[in-house]
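Notes follow the structure.
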Amino acid sequence: MTATATTSPCPHDRVETTAFLTIRQLLVETDMVAALPELIGASDPRLAALPISLDLVGARVGITLAAGRRPSPASEAMTQSLVAIADSVHPTPARSD
């Protein structure tokens, strides 16, 4: 476990999940903290925002595909739509390869 000047070491008992309902329940029932989209926290009066700037947190989105299985035509169309929308919001530099 290493820390830099701008980060702290990760706790040993951390929970990693993308399920907002799970995160919200953990926040309500324990003393855990989490970085969530502002709308998630604002919609639940049991949660409170901490006065911490998260400007350095990136807004990356990924697509998870099953290994060794070709995506269905619907999955491929959805992936192409997501990439097109993402490019319209935040264009990626042209590749030189």
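The values are calculated or read from the model by the stated rules, or taken from the named source; none is laboratory data. Just so it is clear, the structure is predicted and the values come from calculations on it, not from any experiment. Cβ placement follows ideal geometry from the backbone for every residue including glycine, while neighbour counts extend to all protein chains displayed.
For residue 13, state whether it is at pLDDT 80 or above and either in contact with a helix residue (DSSP H, G or I) (Cβ under 8 Å, 6 or more places away or on another chain) or assigned to a loop (DSSP other than H, G, I, E, B) (or both). Yes: the conditions hold for residue 13. Once segment 26-51 is narrowed to residues that are within 14 Å of the chain's Cα centre (by Cα) and assigned to a loop (DSSP other than H, G, I, E, B), the residue that is modelled with the highest pLDDT is 34.
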